[in-house]
1. Of the candidates Asp87, Asp267, Asp251, which one comes out as most mobile in a Gaussian network treatment of the chain with C-alpha springs shorter than 10 Å?
2. Over all alpha-carbon pairs in the chain, figure out the percentage whose distance exceeds 29 Å.
3. Measure off 7 Å from each Cα along the Cα-to-Cβ vector at Thr106 and Gln291, then give the distance between these two points in nanometres to one decimal.
4. Once you sort the root eigenvalues of the Cα gyration tensor of segment 149-209 as a ≥ b ≥ c, which label holds: rounded (a/c under 1.5), prolate (a/b larger than b/c) or oblate (the other case)?
5. Once you charge only the Cβ atoms, +1 for Lys and Arg and -1 for Asp and Glu, what is the size of the charge dipole of the chain about its Cα centre, to the nearest 20 debye?
6. Specify whether the C-alpha gyration tensor of segment 196-338 places it in the rounded, prolate or oblate class, a ≥ b ≥ c being the square roots of the eigenvalues: rounded for a/c under 1.5, otherwise prolate if a/b is larger than b/c and oblate if not.
7. Calculate, for Thr245 and Asn125, the FRET efficiency according to 1/(1 + (r/R0)^6) with r their C-beta to C-beta distance and R0 56 Å; round to the nearest 0.05.
8. Subtract the Cα-Cα distance of Lys188 and Thr256 from 0.36 nm times their separation in residues, and report this length gain in nm to one decimal.
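Quick note: the coordinates plus some simple rules give every number you see, no bench work behind them. If you're wondering where the values come from, they're calculated on a predicted model, not measured in any experiment. FYI the Cβ positions are ideal-geometry reconstructions off the backbone, even for glycines, and counts take in every protein chain you see.
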Amino acid sequence: MPRASRFVALSAAALLTAGLAACSTPSGDDAASTDGDTITIEHALGTSEVPANPERVATVAWANQEVPLALGVVPVGMAAANFGDDDGDGVLPWVTEKLEELGAETPVLFDETDGIDFEAVADTNPDVILAAYSGLTQEDYDTLSEIAPVVAYPETAWGTSWRDMISFNAAGMGMADEGEALIADLEKEIADTAAKHPSLEGTTAMFLTHVDTADLSEVSFYTTHDTRTMFFEDLGLTFPKSLVTASATTDKFALTQSAEQADAFDDVQIIVTYGGDELVTALEGDPLLSQMPAVASGSIVSLPGTSPLGTAANPTPLSISWILDDYVTLLAEAADKAQ
């Protein structure tokens, strides 16, 4: 049956497969097994049987296309960038550079402004759909599974580390070994770069989400489950106890707290957030938030949220190398102020 037809109506077999929920969520290596012809991958939304050597790879959701590209495979379709796309072409600069390096045209871009474009994905006739870093719902997963086998996230929606993004997506392409080699290369690059800035080691940091300068009565922040904060540990930074405590009671990637309770974060030495000088001025002028040690010392890294620099604070396989030096330098400057 053509994939376009299979997309229209869910089969009973697909429903059974999609309904299989993994009892646990193992790491990338342990989640995949093969019998030679197919690869079985367990993830948070079920168990997928993927062809051992898929030829047509599609990706949905943020950044998953970077795994096949980093491994030399050009997807037949991928999500258009809807954040940090400074030239409006739907492709982030590090992806553009990789496509040029591979001598490839831009793949079909899926517009995900209003969610997954299932028809567009089906039209690319994929053998596998990679979505290890995503927020797929069970319904999304079930529908995509009628198009092709889907590699979903291992544990939490939008909570997949860059390592697991590579491990799971690479396994879904039959390139697990190549994925592990890519992880090792990036780990060395990160470690070598962080070692140039010893002030980062042990400094506590938190990442505020987009702050409304017109209303500072409350602030939102990324928990320890978010990939932006996870990346701090790769760079030698430390989670403050206040952030660990706040994150312990939830699996959400962000929380909100009243500014009146800002003193709870008196163990935060660095704040990273999205914004510009106006935001820093607002934080420093607020009678409550200005008492936070990171604000008082000026240890604020304000990233332009609409530019590639801001986007790359959320580490992905290709963006890490592209932005690492600049990002780490900004963090180190803030750490120096906090000493």
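1. Of Asp87, Asp267, Asp251, the Gaussian network model singles out Asp87 as fluctuating most.
2. Every Cα pair in the chain considered, those over 29 Å come to 41 percent.
3. A separation of 5.0 nm, rounded to one decimal place.
4. oblate
5. The calculation lands at about 480 debye.
6. Rounded shape, in that the Cα axes give a/c under 1.5.
7. Efficiency, rounded to the nearest 0.05: 0.70.
8. Between Lys188 and Thr256, full extension yields 21.0 nm more.
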